Amino acid sequence: MNMFERTRRRAAPVLVAAGLAAGAWYAVAFLVGWARGVAFPTPHETAAELARLLAGRTLSGHLIYRHVGASLARWAAGFGIAAAAGTAYGLLAGWWRGLERATAPLVHAAQTVPGLAWIHAALLLFGIGERATVFMIAAAAFPPVAVSVLGGVKRVDATYVRAARMMGARGPTLLLRVLLPGALPHVLSGLRVGLGNGWRVVVAAEMIVGTGTGLGYSIIQARWTLDYTSGFACVAIICLVGLAVERCVFAPLERRTVERWHMPRAA
Amino acid sequence: MIRLENIAKCYPAANGGPDGHVVLRDVSLAVAPGELLCVLGPSGCGKSTLLNLVAGFIRPTSGRVLFAGREVAAPGPDRGVVFQDPTLLPWLTVRRNVEFGLRAAGVPAERRRGLAAEAVRLVGLDGFEDAYPHVLSGGMRQRAALARVLVLRPEALLMDEPFGALDANSRERLQDELLGIWQAHRRTVLFVTHHVEEAAYLADRVVLLGPPAAGIRDEMTVELPRPRDRDGDALRRVIRQLRACLDGMPCCLCR
C-alpha cells in the first residue's frame, strides 16, 4: 500500500462523518429558519465568518487572535497549576496510603463540582479579573488529573518498585523515576480530561467574569449584539483549538513515550 | 554471609480468619561467603518467600534474617536480586536500566556510563545499549537484569528462578555465564530453583526445602569440580539423588 492510498483510507471515514455532520447542521438550520423564522447560521456562513475574523475583522474591539491568545493564556495558567498540583498529589497519595485514605473522598467530591460553580469562591478569593478565571480553570482541571494519577500509581507493577528499591532507590527517586513513568498512561489520560474540563471552564468563566477579551467573552458579546454567526465562528475556533492540542501535544507525546515503550494504555 | 535463624513466615488468612497460611516454619540456614547455594523444592514450598526475606522485601513473622552480620531491615544494593521476570523498567533503555542503581547512588554521569558499559559487556549485551526492553528476547532481558545488579557490585546475588522462563538452550548458556561471572568475582549466590538439573549443575551445596511442616528436608554438598559435564555420570548421579529426595515430598502444593 502506498502513502497516497493509506492517507485516503484513513481520511475517508473522517470525511464521510464530517459530511454527515454538515448535512445535519444544514438540516437544522433550514428547519429552524422555517419553523421559527430566525436565521440559524449555516456551515458555509460560519466558515465565511471565520475567514473574515482570521482576515482581521475585529470582535468586541479586538482581533480574533487577541481573543484566542487571551483564552489560551488563561487556560495554560490554570491548567498548568492543576497539572502540577494534580500530579504531585496523585504521586504522594498513591505512595502514602494514609494521605489517600484521608483525602481521596475530598478529591472525588471536588470532581462532582462543575467548574463554574467555583465562581463564588473565585470572586471572594481574587475579586473580578484574571486570577479568578485562572482559579476556576485550575479547580475544574485538578480533580481528574489527581484521580487518574493516583489510580495509575496504585496500578504500577509492584515488582518494578521492588526492583528499584533493591537497586537502592528511595523517596524522590522512587516517585519520579519509577512511579511517575510507570503511571504515565494514566497520567496522560488524566491530563486529557483535565485539559478538556479546563478549556470548557475558560469559555464559561469568560462569559461571567467580565474579562474584556477571550473566546467566551466574544461569544457572550456576540449574543448581546445578535451577531450569532460570529458566535458560531468562535465555537468553531474552540473546537479547532481542542483538536490541535490533541493532535500536536498528546498524540506525539504518546508516540514518544507510552507507545515507544510498549506500555499498556489506560482505559 | 547470609544467615536465617528459626524463621517462620505466615500470611494472614484470606478471609481474615484465625489460622493464617504458614509458608515457612522453623527454617535455619547459613550461606558462606562466596558460596553458590541452590534452594531446591517443589513449587509452593516457600523458596521465593525465603529469598524475599533475605532481599528484605518482606519481614519474617518470627526469627531473624542476618546479612553480613546485620539484621535485614530493607532491600538494598548490597543484595542484588534477579527475579524470574526480568522486571526491567520498560521506559528506560538497556543502558539506563543498568545505570539506574548507580544513578540512585549519585554516581556521576561519566563514571556511570563507563561502569554500565562494562557490565553490559560482561553479560554479552554490547550493541544493545540503546534498545528498549520490549525489543529484547527473554534471555537478553534476563542478561540485562543481571547486568543492572552486577554493576552495583553486590556482596550477594539472590536469584529467584531467573532462568525458569527461558528455553532450554538459553537457560544452559546463561547458567554457564553465571558460573563464569561467579568464578571471576566470587560473590555469594543464593539461587532458588525447582529444576533438579539446574541445581546439580550450578551448586556448591543444594538445600532441599519441603512443605512448611517439613522445613528443610535435606542438604547435599556437590563436590564435583567445574566445569561439570552436563551429560557425565557423576552429575547424573547427583541428579538422581536429588530427584529421589524430591520424590519423597508431596508435589504441586497449594499456595
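The values are calculated or read from the model by the stated rules, or taken from the named source; none is laboratory data. Model, not experiment: these values are computed from the prediction. All Cβ positions, even for glycine, are placed from backbone atoms using ideal geometry, and neighbour counts span all protein chains on display. Please note that ligands, DNA and RNA were not included when accessible areas were found on the heavy atoms of the full protein model with its side chains. Shrake-Rupley method; radii C 1.70, N 1.55, O 1.52, S 1.80 Å.
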Can you send over the solvent-accessible area of residue A:249, 1.4 Å probe, protein chains only, in Å² to the nearest 10? 70
DSSP-loop GluC sites (Glu not before Pro) across the stretch B:152-255, with at most 14 other Cβ within 10 angstrom: B:223
Using only alpha carbon pairs under 8 Å that are at least six residues apart, calculate the relative contact order of chain B and give it in whole percent. 26
Which order do A:166, A:207 take when ranked by solvent-accessible area (1.4 Å probe, heavy atoms of all protein chains), largest first? A:207, A:166
Within 10 Å of each Cβ in A:150-161, the average number of Cβ atoms from other chains: 2
At 1.4 Å probe size, put A:81, A:137 in order of accessible surface, largest to smallest. A:81, A:137
Considering only protein heavy atoms, with the full assembly of protein chains and a 1.4 angstrom probe, order B:87, A:229 by accessible area, largest first. A:229, B:87
Mean separation of Cα pairs under 8 Å and 6+ residues apart, divided by the residue count of the stretch A:99-191: what relative contact order is that in percent? 30
Mind checking the angle between helix B:138-150 and chain B's longest principal axis? C-alpha axes, 0 to 90 degrees, to the nearest 10. 90
Give me the net charge of residue B:78's neighbourhood, meaning all other residues with Cβ under 12 Å from the Cβ of residue B:78; Lys, Arg count +1, Asp, Glu -1. +3
In degrees, nearest 10, the alpha-carbon axis of helix B:109-122 is tilted away from the dominant principal axis of the alpha carbons of chain B by 60
What size of dipole, in debye to the nearest 20, comes out for the stretch A:127-242 about its Cα centre when the only charges are +1 on Lys and Arg C-beta atoms and -1 on Asp and Glu C-beta atoms? 700
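Mean Kyte-Doolittle of at least -0.5 and a Cα length of 27 Å or more along the axis: which whole DSSP H helices of chain A meet both?
A:3-36, A:64-95, A:130-155, A:184-208
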